[in-house]
Amino acid sequence: MNQRATGGSWPPVVAVGPLELLAWGLRRRVRMRVVGDSMNPCLHDGDTVLVCPADRATVGDVVVSRHPFKTDVHLIKRVAGVTADGIQLKGDNPDASTDSRSLGTIPWVHLLGVVTGRL
């Protein structure tokens, strides 16, 4: 088994390159700010990320979704599992994370996009 399958560390979200900046300039990416420590050490409170709008994700992707019960709150988490009904999200820092352990499966309709890089 690899580190991912056993719950080990995931690769960091890399700094955006010129193509991602171009995509952002062409309005094909959305800029979002990380709030909180749930994604430490991958992402830190105050980091800015670019998000590619998407309606699907795979295990290991860092994604942005709407909170299932608080419509004005967005979650930035890692996809821990995928089902036909939605995605299981988990913060890289579980002690500081509100995720699928308490929220359950996040319906696909709540997925806003996949994080493509950090500014």
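The values are calculated or read from the model by the stated rules, or taken from the named source; none is laboratory data. All values derive from a computational prediction rather than experimental measurement. Using ideal geometry, Cβ is built from the backbone for each residue, glycine included, and neighbour counts are taken over all protein chains shown. Accessible surface is based on the protein model in full, side chains and every heavy atom, while ligands, DNA and RNA are left aside. Shrake-Rupley method; radii C 1.70, N 1.55, O 1.52, S 1.80 Å.
Based on this model, can you work out whether Leu43 counts as open to solvent by less than 20 Å² (accessible area, probe 1.4 Å) and of a type outside the set (Lys, Arg)?
Against the criterion (open to solvent by less than 20 Å² (accessible area, probe 1.4 Å) and of a type outside the set (Lys, Arg)), Leu43 qualifies.
Looking at (1) of a type outside the set (Phe, Trp, Tyr); (2) assigned to a loop (DSSP other than H, G, I, E, B); (3) crowded, with 16+ Cβ neighbours inside 10 Å, which one does Arg28 not meet, given that it meets all the others?
(3)
Given the options Arg33, Arg4, name the one that is under 17 Å from the mean Cα position of the chain (by Cα), modelled with pLDDT of 85 or more and of a type outside the set (A, V, I, L, M, F, W, C).
After applying the criteria, what remains is Arg33.
Conditions tested, residue by residue: (1) assigned to a loop (DSSP other than H, G, I, E, B); (2) free of Cβ contacts under 8 Å to residues at least 60 places away in the same chain; (3) over 15 Å from Gly113 (Cβ atoms); (4) not basic (Lys, Arg).
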position: Asp45; (1), (2), (3), (4): yes, yes, yes, yes
position: Leu50; (1), (2), (3), (4): no, no, no, yes
position: Val64; (1), (2), (3), (4): no, yes, no, yes
position: Lys70; (1), (2), (3), (4): yes, yes, yes, no
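Of the residues that sit in the stretch 12-25 and are assigned to a loop (DSSP other than H, G, I, E, B) and farther than 27 Å from Thr83 by Cβ, which one is nearest to the chain's Cα centre (by Cα)?
Restricting to residues being assigned to a loop (DSSP other than H, G, I, E, B) and farther than 27 Å from Thr83 by Cβ, the top hit is Val14.
Residue by residue through the stretch 74-119, note down the ones that are aliphatic (A, V, I, L, M) and modelled with pLDDT under 95.
Ala96, Leu119
Find the residue count for the stretch 83-119, including only residues that are out of contact with any strand residue (DSSP E or B) (no Cβ under 6 Å at 6 or more places or on another chain), open to solvent by less than 50 Å² (accessible area, probe 1.4 Å) and within 12 Å of Arg66 (Cα to Cα).
Going through the stretch 83-119 one residue at a time, the tally reaches 1.
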